[in-house]
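Colleague: My questions all concern the structure below.
Nothing in this text is a laboratory measurement; each read-out follows from the coordinates by a stated rule. As the structure is a computational prediction, the values presented were derived from the model and not from experiment. For neighbour counting, all protein chains shown are included, and Cβ atoms are generated from backbone atoms with ideal geometry for every residue, glycine included.
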Amino acid sequence: MLDDSPKRAFYEAQIQYLVAGDVEGLIDNQYTDDATLVSFTNQIHGNAALKVYFKGYLEMLGRLEVVSTDKFVETDDSLFFEATVNTNLGQAHVFDAWVLRDGKISHHFTGVYPPPA
């Protein structure tokens, strides 16, 4: 992993959009028009639906602070990472995988689990 790689900068931009609560910028700049977000509880398709989802998600969290990026790997067309975050709901570990097309996320796989006891 190179901390100054273009994909690492893309990841850092994603964090900045989320921390700032800039859902419009997040989706317009980071996701393809036909992007899909997949979790164990949701499948969200397209930019309009992603904007609704992320607005609700950030409202639920209340605040978002990325404490650490614990794992990070990239390929030519993907990123996969784990991070520790603090929110109004407490601390958790998140994991995300992004498939990229033309420099934007076309598929976003996401999950969260509580920290180890």
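Colleague: Take segment 60-114 and flag every residue that is of a type in the set (D, E, K, R) and within 15 Å of residue 6 (Cα to Cα).
Modeller: Once the filter is applied, which keeps residues that are of a type in the set (D, E, K, R) and within 15 Å of residue 6 (Cα to Cα), segment 60-114 yields 74, 76, 77, 101, 102, 104.
Colleague: Looking at segment 22-43 only, could you name the residues that are free of Cβ contacts under 8 Å to residues at least 60 places away in the same chain and surrounded by 16 or more Cβ atoms within 10 Å (Cβ to Cβ)?
Modeller: 23, 26, 27
Colleague: Next question. Kindly list, by first and then second residue, each pair from a residue in segment 56-70 that is over 11 Å from residue 82 (Cα atoms) to a residue that is outside any strand (DSSP E or B), limited to pairs with Cβ atoms under 6 Å and residues at least 6 apart or on different chains.
Modeller: Correct list of pairs: 58/21; 62/88; 63/88; 64/18; 64/19.
Colleague: Could you check residue 101 against (1) in contact (Cβ under 8 Å) with a residue 60 or more places away in the chain; (2) farther than 14 Å from residue 14 by Cβ; (3) buried (at least 16 other Cβ atoms within 10 Å of the Cβ) and say which number it fails?
Modeller: Residue 101 satisfies every listed condition except (3).
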